[in-house]
Every structure is written in structure tokens, then in C-alpha cells.
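Written below as C-alpha cells is the structure these notes are about.
The values are calculated or read from the model by the stated rules, or taken from the named source; none is laboratory data. Computed from a predicted model, the values in this text were never measured in an experiment. FYI the Cβ positions are ideal-geometry reconstructions off the backbone, even for glycines, and counts take in every protein chain you see. These area figures cover heavy atoms from the full protein model, side chains too; ligands, DNA and RNA do not enter into them. Shrake-Rupley method; radii C 1.70, N 1.55, O 1.52, S 1.80 Å.
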Amino acid sequence: MLELYQFELSQFSEKVRLILDYKGLAYRKIEVVPGIGQLELFRLSGQRQVPVLKDGNTVIADSTAIALYLDKTYPDRPIIPTNPQQKANCLLLEQWADRSIGSEARSILLEGLKNINLRTSILPTGTPDVLKNLVGSIPKEAIDILGLGLGLTPDAIKASKAEMHRSLESICMLLSQNSCAYLTGDTPTLADLTVAGLSLVLKIPEGPYLDIPFNLKGKGVPGFADNPEYDLFFTWRDKLYADFRKPHLPNINNNSGAAPTTPTTISID
Ligand SMILES: N[C@@H](CCC(=O)N[C@@H](CS)C(=O)NCC(=O)O)C(=O)O
């Protein structure tokens, strides 16, 4: 079975999970423990970031490389159009989304964390493992900010927010002008799955897709998640999730030494 080395709350991992679900491919999630688990990941893949896909003896790092590998190896339900114009639009949109929505959303995640009231800058002794794992699943940059108050300056966060507003306005414009249901045509492509998956940290989908505490679902970054101007985008994304994303199922046999991925219900102050 395909194995996905991931962080549950990582937006690039979510992009790959959405692609796997869209293509109807079964996979086992292996939750990487931040720090020590990333050393193991380095041994496996030659780099320390998630997502990494293992397919038998083949190991692929990077969400774009994984997407291209999956589409080539498992051609059913293709995600790269064959029509040259649609293909170019799809690949350009994916590249743009990785660099804009991907990095900008991560930069402003701090706001989202404040919003969901996840006050964990100093985790006390006895913090439940599940919460540690959840915090561990948040990108390193956000933890730096949370833990040390270092990292992104307020000006950098402000610039990221402005950039993200521009991106969402453009996506909404594209969706409202489009005669098709998706960004490059009438079926979902890598462009749609990327834009939708990467927006995870802007607003966590409400449905049963992720192994996270219930009260995080539907939460997100103020000014984005609750902004009526972006209703069109989130409605479109949530429909794509309802149509193609599969509900989270706990891994039955997880003997990898990785963090457990069983369902969790804890209350977070
Ligand atoms: N270009 C990579 C980006 C992957 C990435 O940024 N992963 C983040 C999580 S969303 C990560 O592993 N951060 C931990 C670290 O950099 O140590 C991709 O498309 O997969």
C-alpha cells in the first residue's frame, strides 16, 4: 500500500491527500514526529520536509513531484489535462499556488492559531501527547513564532496578508467568471486540488477529513475564514471536499514507531 509520510495539519500534505483521494488510491498515513522523525525522513528521502510518498521501493519527496509521479503511475482519473492550453494553465496555477497560497498562508497561520485559542507557546509538563503531536504538526516556522516570539515580523505578516487577499480575490474572480466548475475546465485538475488543499490552514474544513480535535474544524484565520467576500471560494472548496475527499480513518496497523494517528477528542483552552 502507498505510504504517506506527513504532518496532519500540513497544507502540502493535505494537497497530496486530496490528490490520492481524488484518484481513489488507498494509502496509509505515517505521522512524522517533528525533529526526531524528520531525521528518519532524511534517511529515507534525503530531505526533511513532508510530504514524502513511499510506493514499494520508490520514495518521492515534494508535493509536485508526488503529484506528477502519481499521475504517471496511476493514470486513472488524470489530474494533468492533455489539452495543451488547459495543461499550461493547470501547471502555472499549481506553481503559483505553491508559492503564493502555500507560503503566504503559512506566514499568517499565527493569526489562525490565536483564533483557535491554541495557547501552547510553552507546553507544560503533562501536556497530552495528542496536543504535542498537533502542535508538532504545525509548520516549523509557526512554532518558532509561537515558542520564541521570533521569526516573522509584523510587517512581513501584514505583507503576507495583503498578498493572500489579492490571491483569494483573483481566485474568486476566476471562479465567478468561469463557465466551468473548476479552475481550468469542467473536471478537477492538479490546479484545483492544490489551491483547495493548500487553503487548509486558512480555514480548516468542517467535514470528517482530518485527525484533529473536533473544535478545530471550521476554524481559521480571521479576516479570511470569516470574510463574506471569500464565501464563493470556501463554498467551492467545501464542495470539492464533499465530492472527492475521503473521511479520515485511523490506521489499523501503525507499527512504524511514528506518532499515533487515532481519532482524538480533547478540549483545548
Ligand atoms: N515544496 C515542498 C514544501 C513542503 C513543506 O513546506 N513542508 C512543510 C510542512 S507544510 C515542512 O515539512 N516543514 C517542516 C520543516 O521545514 O522542517 C512541497 O511541495 O512538498
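Values computed for the structure shown
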item: Over 29 Å between alpha carbons, listed pairs K23/K161; K54/K219; K54/K87; K15/K217; result: K23/K161; K54/K219
item: Rounded, prolate or oblate (a/c below 1.5 giving rounded, otherwise prolate when a/b exceeds b/c) for the range 196-246 by Cα gyration tensor; result: oblate
item: Stretch gain in nm, segment N83-F42, where the contour uses 0.36 nm per residue and the Cα spacing is subtracted; result: 11.0 nm
item: For A26, net neighbour charge (Lys/Arg +1, Asp/Glu -1) across residues whose Cβ lies under 15 Å away; result: +4
item: FRET efficiency, 1/(1 + (r/R0)^6) with R0 25 Å, evaluated for T187 and H165 via beta carbons; result: 0.30
item: The range 1-69 - percent of accessible surface contributed by carbon and sulfur, probe 1.4 Å; result: 56 percent
item: Estimated distance in nm for a label pair at A26 and E206, the labels positioned 7 Å out from Cα along Cα-to-Cβ; result: 3.1 nm
item: The range 172-251, accessible area per residue, ligands and nucleic acids excluded (1.4 Å, Å²); result: 41 Å²
item: Residues of the range 70-94 with amide N under 19 Å of the 7 Å Cα→Cβ point at M173; result: 89-90, 92-94
item: Three-way shape label, the range 26-95, alpha-carbon gyration tensor, a/c 1.5; result: prolate
item: Ranked order, T64, T82, T235 - accessible area, probe 1.4 Å, largest first; result: T82, T235, T64
item: Förster radius 25 Å - calculated FRET efficiency between H248 and Y74 (Cβ-Cβ, nearest 0.05); result: 0.70
